[in-house]
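The values are calculated or read from the model by the stated rules, or taken from the named source; none is laboratory data. All figures in this text were calculated on a predicted structure; none of them were measured in a lab. As a convention, Cβ positions derive from the backbone with ideal geometry for all residues, glycine included, and neighbour counts pool all protein chains shown. In case anyone asks, the SASA skips ligands and DNA or RNA and just uses the protein heavy atoms, side chains included. Shrake-Rupley method; radii C 1.70, N 1.55, O 1.52, S 1.80 Å.
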Amino acid sequence: MNPGKRTVGYRNFIVTVMAFMALSIFSVVPCFSADSKSDLCSDIDVSTISNIVKGPLSGVTIASKIPVQSLGLCQVILHVEGGNYITCYVSEDAVVLGRAFQDGRDLSEDAMQKIRRSVYLEKKAELAEVVALKYEPAVKKRVLYMITDPLCPYCQQVGPDIKALADEYGVEINVILYSVHGKTGDADCIDVACSNIGYEDYLKTNWEEKTNKQECDAGQELIDKAKTLVSGMGIKGVPMFILDDGQSVAGGNIAGLKEALENSL
């Protein structure tokens with residue numbers, strides 16, 4: 001097959017996904033069932049979806065399939081090469097892209113959380129290898145990975161609250177630097193990684209004055225490795241918090257993070 005055609009087909013699929021994501025959020029009244037004996041998903045694979053959308057799906061695999069009896073559809077989570085995950089609902093001749101809700105509960109997100117938790121647990125050892133700096137409480141019971149960008153003001157804003165939670169719950173904070181601000185952010189990440197500053201200094205507004213814009217091969221290597229790992233896990237925004245049991249909380253959701261800590265005690 002012509003590689004150019006594969007690329008065009010893949011791009012067309014992504015464009016289709018983005019177009020439908022805004023339109024295909026729907027509410028489901030009947031109860032969902034995940035009866036493993038159902039054959040709703042047995043014949044669903046990437047080629048099924050490719051035939052429906054009339055285009056090759058290069059670099060796409062199926063991460064999860066769950067039969068939804070009440071809809072007569074198979075809930076499929078697609079893993080797109082590069083880290084993205086897409087939820088869709090598939091029959092023999094149709095694909096619905098988007099999220100399903102029931103009684104205020106985001107059923108698609110529930111399925112996605114399970115995928116994320118599995119991915120994060122699988123990558124936990126690799127996450128530990130790209131930690132740039134840490135905060136260690138007096139008593140350590142847990143480990144929390146905080147993926148952040150030095151140029152993200154909201155990340156800096158919630159930093160002290162994260163430290164307070166760390167002290168309260170005995171959580172070691174492992175900071176992973178991941179720029180969402182292009183080359184400028186990358187440079188600041190490398191600066192921090194090379195400067196060996198601590199968590200509390202990192203939170204201060206004048207931390208840049210202390211680093212003197214340092215560069216080092218080890219810092220460059222660490223940030224490059226972190227970027228590859230984090231983006232490959234499908235993480236696109238910061239801050240992102242990942243607990244050592246695989247639970248994750250996106251954004252500066254302190255209440256959500258506290259709830260996750262409570263649930264894992």
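A few comments on the model shown:
- Residues in the stretch 39-92 that are acidic (Asp, Glu) and either in contact with a Gly (Cβ under 7 Å, 6 or more places away or on another chain) or closer than 16 Å to Asp110 by Cα (or both): Glu81 only.
- Within the stretch 179-198, the set of residues being under 18 Å from Gly251 (Cβ atoms) and either among the basic types (Lys, Arg) or assigned to a helix (DSSP H, G or I) (or both) comprises Gly185 only.
- Qualifying residue in the stretch 136-150 (condition: in contact with a Cys (Cβ under 9 Å, 6 or more places away or on another chain), touching a residue at least 40 places away in the same chain (Cβ under 8 Å) and over 20 Å from Gly232 (Cα atoms)): yes
- Between Asp224, Asp191, Asp186, the distinction of being over 27 Å from Ala260 (Cβ atoms), among the acidic types (Asp, Glu) and either touching a His at 6+ places or on another chain (Cβ under 6 Å) or open to solvent by less than 10 Å² (accessible area, probe 1.4 Å) (or both) belongs to Asp191 only.
- For the stretch 231-265, a residue qualifies if it is part of a helix (DSSP H, G or I) and in contact with a strand residue (DSSP E or B) (Cβ under 6 Å, 6 or more places away or on another chain), and the qualifying residues are Gly256, Leu257, Ala260.
- Of the criteria (1) touching a Gly at 6+ places or on another chain (Cβ under 9 Å); (2) surrounded by fewer than 20 Cβ atoms within 10 Å (Cβ to Cβ); (3) modelled with pLDDT of 95 or more, which one Gly232 fails: (3)
- Picking from residues in the stretch 117-156 that are open to solvent by 10 Å² or more (accessible area, probe 1.4 Å) and acidic (Asp, Glu), the one that is farthest from the chain's Cα centre (by Cα) is Glu136.
- Hits in the stretch 152-178 (condition: more than 17 Å from Gly251 (Cβ to Cβ), touching a residue at least 40 places away in the same chain (Cβ under 8 Å) and small (Gly, Ala, Ser)): none
- Test: residue in the stretch 72-90 that is more than 22 Å from the chain's Cα centre (by Cα), at pLDDT 85 or above and not in a strand (DSSP E or B): yes
- For Val192, the stated conditions do not hold, so it cannot be described as in contact (Cβ under 8 Å) with a residue 60 or more places away in the chain, touching an Asp or Glu at 6+ places or on another chain (Cβ under 7 Å) and of a type in the set (A, V, I, L, M).
- Residue list for the stretch 74-115, filter: open to solvent by less than 30 Å² (accessible area, probe 1.4 Å), aliphatic (A, V, I, L, M) and within 14 Å of Leu40 (Cβ to Cβ): Val76, Val90
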